[in-house]
1. Which helices, taking whole DSSP H runs in chain D, have alpha carbons extending 27 angstrom or more along the helix axis plus mean Kyte-Doolittle at least -1.0?
2. Rounded to the nearest 500 deg cm²/dmol, what is the calculated helix-only ellipticity per residue at 222 nm for chain C, with -39500 (n - 2.57) per DSSP H run of length n ≥ 4?
3. Along the axis that rotates chain B into chain A, which residue of chain B has the nearest beta-carbon, and what is the gap in whole Å?
4. Most mobile of B:ALA234, B:ALA170, B:ALA41 per a Gaussian network model of chain B (Cα springs, under 10 Å)?
5. Which value, in Å³ per residue, describes the convex hull spanned by the Cα atoms of the range B:13-156?
6. When DSSP assigns beta bridges and you keep just the ones with both residues in chain D, what percent turn out antiparallel, to the nearest 5?
7. Quick one: among A:GLY247, A:GLY229, A:GLY173, which has the greatest mean-square fluctuation in a GNM of chain A with alpha-carbon springs under 10 angstrom?
8. Specify whether the C-alpha gyration tensor of chain C places it in the rounded, prolate or oblate class, a ≥ b ≥ c being the square roots of the eigenvalues: rounded for a/c under 1.5, otherwise prolate if a/b is larger than b/c and oblate if not.
Protein chains: 4
Amino acid sequence: MSPSSAEGPDPGPADADNGPAVSRREFDALFETVRTWGRWAPADRGAWNRVTAEHVRRATAVVRAGKVVPLGLPWNTLPGPDNPRPALHHMTDLGDVESPEPSTHKDFIAADYHGKAVTHLDALCHVAYRGQLYDGRTAKVLVGAAGARFGAVSALGPLVTRGVLLDLPAVLGVRWLEPGQAVRAKDVIAAESALDVTIGEGDAVLLRSGHVRRRGELGAWDPGAASAGFHVDAVPLLAERGIALLGGDGDSDVRPSPVDGVHSPVHALALAAMGVPLLDNLDLEALSAATAEAGRHEFLLVVAPLNVPGGTGSPVNPVAVL
Amino acid sequence: MSPSSAEGPDPGPADADNGPAVSRREFDALFETVRTWGRWAPADRGAWNRVTAEHVRRATAVVRAGKVVPLGLPWNTLPGPDNPRPALHHMTDLGDVESPEPSTHKDFIAADYHGKAVTHLDALCHVAYRGQLYDGRTAKVLVGAAGARFGAVSALGPLVTRGVLLDLPAVLGVRWLEPGQAVRAKDVIAAESALDVTIGEGDAVLLRSGHVRRRGELGAWDPGAASAGFHVDAVPLLAERGIALLGGDGDSDVRPSPVDGVHSPVHALALAAMGVPLLDNLDLEALSAATAEAGRHEFLLVVAPLNVPGGTGSPVNPVAVL
Amino acid sequence: MSPSSAEGPDPGPADADNGPAVSRREFDALFETVRTWGRWAPADRGAWNRVTAEHVRRATAVVRAGKVVPLGLPWNTLPGPDNPRPALHHMTDLGDVESPEPSTHKDFIAADYHGKAVTHLDALCHVAYRGQLYDGRTAKVLVGAAGARFGAVSALGPLVTRGVLLDLPAVLGVRWLEPGQAVRAKDVIAAESALDVTIGEGDAVLLRSGHVRRRGELGAWDPGAASAGFHVDAVPLLAERGIALLGGDGDSDVRPSPVDGVHSPVHALALAAMGVPLLDNLDLEALSAATAEAGRHEFLLVVAPLNVPGGTGSPVNPVAVL
Amino acid sequence: MSPSSAEGPDPGPADADNGPAVSRREFDALFETVRTWGRWAPADRGAWNRVTAEHVRRATAVVRAGKVVPLGLPWNTLPGPDNPRPALHHMTDLGDVESPEPSTHKDFIAADYHGKAVTHLDALCHVAYRGQLYDGRTAKVLVGAAGARFGAVSALGPLVTRGVLLDLPAVLGVRWLEPGQAVRAKDVIAAESALDVTIGEGDAVLLRSGHVRRRGELGAWDPGAASAGFHVDAVPLLAERGIALLGGDGDSDVRPSPVDGVHSPVHALALAAMGVPLLDNLDLEALSAATAEAGRHEFLLVVAPLNVPGGTGSPVNPVAVL
């Protein structure tokens, strides 16, 4: 998230509909409704505890074509309106540092990966609402300069589950959703129907808005100012279905936020209330084509975050297998 | 690889058997024997071209228990005899940089990941033998400060295939192979027989030497000076079987190298001759326990390198599913 | 230098006069004219060999007011048209990593400091013309992934000498020179006269164009596209005077370059021909005010680059003492 | 500081005398004695406010020989017992990234510079005692992930003052002080007498223990476990003299600490009580030779920290001019 950034070109039509305004009181009530604190052990795996061995088996059984689709954006070292903290990539050996034979080429990578430019997983400790992490843990006590002692990515490990693509542009017959366009509960239901897929327990739900296609055709904009994503009214539906993971080609939140005083309400609900990790900034273009071709919008999804003790998430290259 | 490092405590018994000495001429002949240059397009995916949709389907069909086992070591920021270039992990937002609500926690990770401390994938451009990358490409022309234009990790993408664990300590009834102990062709065949598994086309072969267990019990040593791994005489067998990926809890090469004037001969053969990417520094302890419990040494393996354009590899957290 | 960057807003009036066009042949002749190869030992200190103990003594004797003026810009972690590779600044201990008492706060800094955003010194190895570093050394042989073996900043050490401020806006009675405005030999001579100062042997010559003032008032632009600086016709005069160091609030080169096929001709002449290190991106606003107040445009200048073995330069915070 | 590190070889004779034990109560009384809170504006320049224009003039007038001596250690990218967080140095352009002419070579440097390996300045915010920074400011409120809002290095700017070298090995006729050897008030007075120099107001006092010479001859050790430095009983004398800066080839603190429950008591007194910044890890070997040759132990000292907003200090290459 970089909710307050204002740099970059105008993101698009000002008339995109980010849905009905939500008061802070309504939001807080919603937070209580979807809250799953105290439900699981270990708590910091949150909703990933839903994914049982049976879910894993069923997820692998979804594979038909044997087609593998990576969902990670290229490592982006160029600054831009959606990349204020560009990643680093340095070659550290060009065959002239270590002695041959063989000669070796090495490189160094670095990233402050949260934000809008790096495909990454948010661990539960990434976000606190009213000072509380998931499960009601106190952020100030548990997160410090040495890392997070609760809700770290190292507590999550990898996820292997069924993925479902909500390909909104395909459903709506548009090239992309405009930045600022909300995806609401009714849109999720309509998409399930149109795509003939039903979100179920332990699923990873991936929302395609066409962000990457739009960026490729029109250039980058500041998604902190405007991006397509879920309105909070879709969250109870997702909670009810018992999802394990939520992701998208944006960062799941529609922006500007419809919730008064909460810049990233879906983040707060998913991470802090529901214990549902998030996948931000996916490239879903190839997956959209593959699901369209297959006529099926479910697939095996594997997310393998780096094992960073105390980390708030990880850059990832999620893999869909159809 | 860090072939020439000599720091750190003595790695263990000097009498570990690294196998018969191999002359440079014999090695060069072996290189020719296993060479697959010109065989595939795109060339820089090398042996991963062997993994067809059919292999992917069969790999997912291997899953029985639905048990997920991550193979990545913890991100290691502490220097040591096996970690001269420690990774970095910095917390960049502790809820006090961006405005709430919600508050956000962020971190920065960085690594010069080749070496012995970070679980990583070697892309084909990582190594050149006699100035040539895989497929006979000229390293000096294709690899520069801006990255590699051939054999980069971004050309590989993810791998989904069947994995086979050669659990040598389990076969031999020892806690670990001592550093310097070679694994030879006959040992591979004996392991297949003992473990009731046969390495086949498109497989990922993972060699467990017990490195991580030994390190945990006795402390770190310099694996550049001594580590258990394959003797080059095992490579023709692996080549004949048509493997796609080779990996281990070391870096696949037995050290000291038995090959005169070649510090990392298995790297040279796998990457430069055969186009077989390598997985270095896996944690195979949990996988050893899981395969023992399941009584099966095959599994679905997913390797999802970060999509770094021009990169020589990637830190990864490979996932085995049994 | 970032000669080819084209991002960012329009830098200003298109009618700034970057001086007469210079052909490549004329430039090469000029290069020969000012070349000092073979003159000094050690060669990689270049023109800093001119600064004898006597120069140091005289420079300290210039001090009258005892006024200290730093010339370094703030460490800039924000991307912009003049900052495509922003510096990093991470807090790594907030009193919660090491044990008290006392508690400690620590930070990490990082920069790919060449470019237009970080005040830095260019060592002689920063630039090669026609493949040759200063003193005719071959760049490809001497500069590699492990650093430079000739002309490194570690060979320079610090400089203590007399500084002279060529405050062009003060001379011309303007707020700043527009981006693209050339400073020519005749302008240098006129400035000496107007400011009552004469550039002499071993001096550090600092050119103020008002860049920092303009940036503060109008916002950042891409100085690779347009910046005020020296036309190459000023270089023979500076060479004749025997300067040791050249610097400015730009990077000394007027851009667009007036030299056909040479994007940074003053860099090439100063570093590769004359052995004169460069100081780029100074903040000369406070120095301008201080020299105006003192009525003297000479001062003690101390430049203390970090001692980076093999480095191509260093971020610095040069100090003027009036 | 890295007070608790225990790695590395034994630092030397266990019989080095770190001086009389000091109780926490005695220490706290001492802290009150030397405290200068509320004395200066701006408070976060602390004792540097003592250095008036007159001090600057007198410091430059100290120069006789015109000899320039840098005091910075080489940038150290190798881990060791005194370097658990090695600095980074990457070449980012080898003439093949930007287009010629000229071709350019660039590099990236990075450091988590506090500790024992990088020559650096500690700004006042580096240390808090009982939760309080210098001037009684509350650390938790003023130092966060975005940096320090009080006592930052950017508030210090550069220092130009008279330096005094307390060359203890020269005074004592030894090659170096052994790690763990305390320098006490009486030793400072004896050194002043032997070296014919008197510490005065606004001075920078540099303590040479011969650390760098010992390291060069015997190898690195962990200075967190044992290093020569001041016993706290020397601090009131330094406070009385009105020094502006304290530095050394160690980090000013004798270790093990003689103060019960305070790992770095001189740091706490200098930074938090007195507002005196510290220079750690200087290379004073060349300065020792130069002062011996000149027969004078005073010199012009220039310290020019990088201008890092909110930074806790800076890597520096201080310059002495004799």
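1. Details: long enough: none.
Length and hydropathy pass: none found.
2. Numbers: 9 runs with 69 residues, N = 322.
Value at 222 nm, helices only: -5500 deg cm²/dmol.
3. Minimum Cβ distance to the axis, with residue: B:ALA110, 2.
4. Answer for the Gaussian network model of chain B: B:ALA41.
5. Expressed per residue, the convex hull around the Cα atoms of the range B:13-156 is 258 Å³.
6. Here the antiparallel bridges make up roughly 65 percent for chain D.
7. Answer for the Gaussian network model of chain A: A:GLY173.
8. In terms of gyration-tensor shape, rounded.
The values are calculated or read from the model by the stated rules, or taken from the named source; none is laboratory data. This structure is a prediction, so every number in the text was calculated from the model and none was measured. Please note: Cβ atoms are built from the backbone with ideal geometry, for glycine as well, and neighbour counts cover all protein chains shown. The protein model used for the area step is the full one, side chains on, heavy atoms only, and it has no ligands, DNA or RNA in it. Shrake-Rupley method; radii C 1.70, N 1.55, O 1.52, S 1.80 Å.
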